[in-house]
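A short worksheet on the structure shown next.
Read-outs: derived from the displayed coordinates by stated rules, not from any lab. Computed from a predicted model, the values in this text were never measured in an experiment. Note that we place each Cβ from the backbone using ideal geometry, even for glycine, and neighbour counts take in every protein chain shown.
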């Protein structure tokens, strides 16, 4: 059962905290993110602002995600799929279905834009993580 029936700031904070705790613990994503992020507390606040601006239109985020991601060392497109799989799983834990799908669709557009902008090409959003469901089913 989801914790939040609607998108709100507390739900976004819960989502960001849970999601990035999973990212840090993930064998594939954890090392990549831990190399790039040196202050997780500050980064999570920034990401709460980012998602609040995208979904709630709060206007709090003032950064340049494309510039930040372009400055990172190259990584395989498969990491986008892993990131999206964890995001889908976590949003469905935190929010009721319609709100979770709003966050998922937004994340897919963000990932697609970053992938294209970083010269990695277009992502297939019909990746097995989307079709088969939660991560524990995907091998």
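Please give the length that would be gained between residue 25 and residue 79 if that part of the chain were fully extended, namely 0.36 nm times their separation in residues minus their C-alpha to C-alpha distance (nm, one decimal).
On the way: separation 54, 0.36 × 54 = 19.44 nm, distance 1.42 nm.
Once the chain is fully extended between residue 25 and residue 79, it gains 18.0 nm.
Report the dimensions of region 1-69 along its three principal axes from the alpha-carbon atoms, largest first, rounded to Å.
Its Cα atoms span 33, 32, 17 Å along the three principal axes.
So if each residue of separation counts as 0.36 nm, and I subtract the Cα-Cα distance between residue 42 and residue 61, what length gain in nm does that give? Don't jump to the answer; show the numbers that get you there.
Values: separation 19, 0.36 × 19 = 6.84 nm, distance 1.30 nm.
That pair, residue 42 and residue 61, stretches by 5.5 nm at full extension.
Sticking with the crude label model, points 7 Å out along Cα→Cβ, report the distance from residue 8 to residue 112 in nm, one decimal please.
According to this spin-label approximation, the distance is 3.1 nm.
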